[in-house]
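Have a look at the structure below, then the notes.
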């Protein structure tokens, strides 16, 4: 029996420690092919490149692996993998990460890491995004190893729910101590409170930097935020059907031109 | 009583006919403030700008209105509006569009238009994205007028479901004839089949253009695709809680390191 084909991408860029760690953790669980952005693409969400051309080049940054670097977004990487590089070979799994920084709660919406995984799901491929609560370039991913391997093995050998991608977040073990286990959670309700830093360039013209602080607005013990702040790894199964089914009828009643 | 405050953005850029039409359609329903991208931002999904600074300038492109153009993404526009330009004034409504081209089915995920609306929803503001199935720069938005006004009036005066944004798509009336009405729908299941155009630059190095075709994989008569292909305007209430609740238990049973 041939080995499972595992496509790996990320949003921090192919040079990052997080993707090298992920590849190292899973390399014996399947045949690994990497297509990842040349430059950092954090916060790119589900962006695709349509007003610019895209470059794709073989990469030497992950010796021993079939690896490519792509000028586009994380979602571009998955599309190029599926529809150009791998052509008729369907990956058995798409992995994205390990992200330097968390993608819990609503951050999933902005996350390039999770968008690569969601794109995999949209292609009908079991897909997982991994993130660690440590923005450091030199973050220590080693404590994630056994859990990443266990989750990947479960995904490869179990019945992965269709049209979903898993959003897996690790708290910083340096802060919380050894991980207590994995909690399957719902996405916590929260939002980002932004503060724009307003500066003037040498010509006196305004420019802005986006910065912000996450506010968790949900005290549920079944949320990813609760799991993370209590030393657990969180796993949220995510869907890309955005329909808010419970308001369909109410909305129908609000409209005056309804059918 | 003061007029409702309506924030308008889009992803095609502030110069586009779609946003000028939208502003014209709703200008007497509230006080309109426009913050929209300087350049086209189609396909930007929920991207935010964090590796670059952002410019924001007063715009003269929509005379008679308080209007700004922003170098960033549609989501940046909404964040700047909420946290910088409008500061303590909470908009009563965020409108985005009218997009030149549809954002039905899974296109909602890639859409900058809908991501601006979703960002509004994440800020707790009733939000609506409008799109017309006509990519033409000079598309005729006039047949949308009465329906846009009616939907906006319903949103302003009804009880808008929390944490949701409405994805409203108009078929091309040139193709389907006069609109039959508005159908409240679920998001159709479908996907994009991509084809990358591979060219060589003058130095002989490969580059790619992303192109693709939408495949509808869902024959449900309650879907947005069904509504659009039958001459109706589709309205899908969308949520940003991505949790796939129905698989929580199944996923828990798949894991070996679970809690």
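Here, each number is a calculation from the coordinates, and none is a lab measurement. Computed from a prediction, not measured in an experiment: that's the story for all the values here. For neighbour counting, all protein chains shown are included, and Cβ atoms are generated from backbone atoms with ideal geometry for every residue, glycine included.
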Q. When all alpha-carbon pairs of the protein assembly as shown are counted, what percent fall beyond 45 Å?
A. 11 percent
Q: Out of all DSSP beta bridges with both ends in chain B, state the antiparallel percent to the nearest 5.
A: 40 percent
Q | For a label point 7 Å along the Cα-to-beta-carbon line of residue B:245, residues of region A:225-249 with backbone N under 20 Å | A | A:225-227, A:235-249
Q. In the calculated pair distance distribution of chain B, what percentage of Cα-Cα distances lie above 33 Å?
A. 23 percent
Q) In percent, what relative contact order does region A:103-181 have, based on Cα pairs under 8 Å that are 6 or more apart in sequence? A) 42 percent
Q: Before anything else, pin down the relative contact order of chain B: Cα pairs under 8 Å, at least 6 apart, normalised by residue count, whole percent.
A: 17 percent
Q | Potential extension, residue B:145-residue B:61 segment - 0.36 nm per residue separation minus Cα distance | A | 28.2 nm
(Q) Kirkwood Rh over alpha-carbon pairs of region B:138-197, then Stokes-Einstein at 25 °C and 0.890 mPa s: what D in µm² s⁻¹, rounded to an integer? (A) 170 µm²/s
Q) By its C-alpha gyration tensor, with a ≥ b ≥ c as the square roots of the eigenvalues, how is region B:132-259 shaped: rounded for a/c under 1.5, else prolate for a/b larger than b/c, else oblate? A) oblate
Q. Mind checking the mean number of beta-carbon atoms from other chains within 10 Å of the Cβ atoms in A:36-47?
A. 5
Q) Going by the alpha-carbon gyration tensor, a ≥ b ≥ c the square roots of its eigenvalues, is region B:103-183 rounded (a/c under 1.5) or, if a/c is not under 1.5, prolate (a/b greater than b/c) versus oblate? A) oblate
**Q.** For B:147-154, mean number of other protein chain Cβ atoms within 10 Å
**A.** 3
Q: For region B:189-259 and region B:97-170, write down the distance between their C-alpha centroids in whole Å.
A: 19 Å
Q: Once you have a ≥ b ≥ c as the square roots of the Cα gyration tensor eigenvalues for region B:1-152, tell me rounded if a/c is under 1.5, and otherwise prolate or oblate according to whether a/b is larger than b/c.
A: rounded
Q. In region A:124-259, what percentage of the DSSP-assigned beta bridges are antiparallel, given to the nearest 5?
A. 65 percent
Q) How do the peptides B:77-85, B:104-112 rank, highest first, by the average count of neighbouring beta carbon atoms within 10 Å per residue? A) B:104-112, B:77-85
Q: Take every Cα pair under 8 Å in region B:156-252 that's 6+ residues apart, average their separations, divide by the length, and report that relative contact order as a whole percent.
A: 40 percent
Q. Shortest first, in nm, what separates the label point of residue A:31 from those of the same position in the other copies (7 Å along Cα→Cβ)?
A. 6.4
Q. What's the average, rounded to a whole number, of partner chain beta-carbon atoms within 10 Å of each residue's beta-carbon in A:196-205?
A. 2
Q | Highest-fluctuation residue, A:58, A:213, A:27 considered, GNM on chain A with Cα pairs under 10 Å | A | A:213
**Q.** Highest average packing first - B:137-148, A:235-246, Cβ atoms within 10 Å
**A.** A:235-246, B:137-148
Q) When each copy gets a label point 7 Å from Cα toward the beta-carbon at residue B:176, what are the spacings between them in nm, shortest first? A) 4.7
(Q) Give me the Å³ per residue figure for the convex hull around the C-alpha atoms of region B:1-48. (A) 80 Å³
Q: From the C-alpha gyration tensor of region A:14-94, pull out the three semi-axes of the equivalent ellipsoid (sqrt of 5λ each), sorted largest to smallest, in whole Å.
A: 20, 15, 12
Q.
Only Cα pairs within less than 10 Å get springs; with that Gaussian network setup on chain A, which residue of A:198, A:103, A:136 has the largest fluctuation?
A. A:198
**Q.** Estimated 222 nm signal from helices in the protein assembly as shown, with DSSP H stretches of n ≥ 4 weighted -39500 (n - 2.57), rounded to 500
**A.** -6500 deg cm²/dmol
Q.
With the label 7 angstrom out along Cα to Cβ, how close does residue B:150 come to the same site in each of the other copies, in nm, nearest first?
A. 5.6
